[in-house]
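All remarks here apply to the structure that follows.
The values are calculated or read from the model by the stated rules, or taken from the named source; none is laboratory data. Nothing here was measured: the structure is a model prediction, and the numbers come from that model. Note that we place each Cβ from the backbone using ideal geometry, even for glycine, and neighbour counts take in every protein chain shown.
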Amino acid sequence: MKKLMLVLLLLISTNVFAEWTKVGSNEDGDYYMDFQSIENEGNKVLAFIFGYKVNVWALNDYKIIQTSINGMKYFSDKVHYEYDCEEKTYQTYSTKSYSGHMGLGSLISSVSADVSIYNSGTEEIVPGSINEIRFKWVCDRKGQR
């Protein structure tokens, strides 16, 4: 139980103080990653490398307000991804949507992989997608590709 509480505390505190770096943009929005979490390999909760898998937090900041499946409005979300640098795939572990830009404002929804309707398991990296850009940043940064 103490380990679970420590994990939850680390998840919350690290995400609050994330250092977002812009990695791409398109007509829908701007996209960021927290490279601090990758570089801090001692933090096995948020960013770790076991084999060729890399966990990282990403931030999507939308230009136009989005609507969640329950009708709530939001401008940004923070997403916890795992990228498999060898298999060229990714998986979404959690998504937190916020009423304001850059992960600010009220928390609108928080969905984890075990209950996420968005989570369809491992997905292939689509060429030209924002996840391909993220994949290259993460895997190249750690010398995995």
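Got a sec? Which of Met72, Met102 is more than 12 Å from the chain's Cα centre (by Cα) and within 16 Å of Asp28 (Cβ to Cβ)? Even if it seems obvious, please write down each step before you answer.
Numbers: Met72 fails: within 16 Å of Asp28 (Cβ to Cβ).
Answer to the selection: Met102.
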Among the residues in region 8-21, are any surrounded by 15 or more Cβ atoms within 10 Å (Cβ to Cβ) and at pLDDT 85 or above? yes
